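Every read-out reported here was derived from the displayed coordinates using simple, explicitly stated rules and does not represent laboratory data. Note that the structure is predicted; figures quoted are calculated from it, not measured. Cβ atoms come from the backbone with ideal geometry, glycine included; neighbour counts cover every protein chain shown.
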Amino acid sequence: MLNLTRVTGGTSPKSCRPTRGRIEVCNTKYGNTGWLGIAQIWASGSHITQAVAKMNDTYFNTPSYNTPAWRQLVMCQEIAHDFGLDHQDENFNNANLGTCMDYTSDPDGGGAFGPLSNEHPNAHDFQQLETIYAHLDSTTTISSSTAGQNAPPAMGEIDFEGPGQWGRKLRSTNGGRTELYELDFGGGHKVVTFVIWADGPRGNR
């Protein structure tokens, strides 16, 4: 059984608005949006300025996903995206690699997927984070009150809840079950959205 602790952030779970210099992590019943989990990253140049990770309890309360393993896989993956990590493998039917950055149909492992659990980061993920955050400049987003202040105002005004606001689709895998979008505002300013659809594109499969 999961022991959950609510940590007060800079937003409410329902709105889950980004906060400059922070990653906001939210879960609530977002309704029949089609998505199980999304990660959205606001970037200026090579720096992440703010991010959100949202888990949709509308689907996590269904028999398909209402397990600690599914909840942990999706939450771990979306938060890791917000820190800048990408997937190690995108095939739901491969043997588990032992990392939440590996898509799988069996998060806690066993059976045909092998003994490894995909509920946590692995050593490769931590090595990637060390590489990403080995800055050669003096910018530190979390301690900077001006992080992203030169971004176009529209980046903070758009409702990013659906694919109509996520911009151009860059990648679609697993028959459309997992997708990556980018909304480019120019000048190095963009919002990137990773999405896992529940049981297929828009939750319709």
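The table below gives the values:
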quantity: Sequence of Cys16, Cys100, Cys26 once ranked by neighbouring C-beta atoms within 10 Å, starting from the fewest; calculated: Cys26, Cys16, Cys100
quantity: Length released on extending from Ser12 to Ala123, taking residue separation times 0.36 nm less the Cα-Cα span; calculated: 36.7 nm
quantity: Ranked list, fewest to most other Cβ atoms within 10 Å of each Cβ, for Lys190, Lys29; calculated: Lys29, Lys190
quantity: Long-range amide H partners of Gly109 with built H, under 5 Å; calculated: Asn118
quantity: Hz values of 3J(HN,Hα) by residue in the stretch 65-72 - Karplus curve (6.51, -1.76, 1.60), Gly and Pro given as x; calculated: 10, 7, 9, x, 5, 5, 4, 5
quantity: Order of His47, His81 - criterion: other Cβ atoms within 10 Å of each residue's Cβ, fewest first; calculated: His47, His81
quantity: Environment charge at Pro107 (Cβ cut-off 12 Å; Lys +1, Arg +1, Asp -1, Glu -1); calculated: -3
quantity: Prolate/oblate/rounded call for the stretch 41-124, Cα gyration tensor, a/c under 1.5 rounded; calculated: oblate
quantity: Length gained when the stretch Asp89-Asp199 is fully extended (0.36 nm per residue, less Cα-Cα span); calculated: 37.8 nm
quantity: Summed residue charge, Cβ within 10 Å of Gln72's Cβ, Lys/Arg positive, Asp/Glu negative; calculated: -1
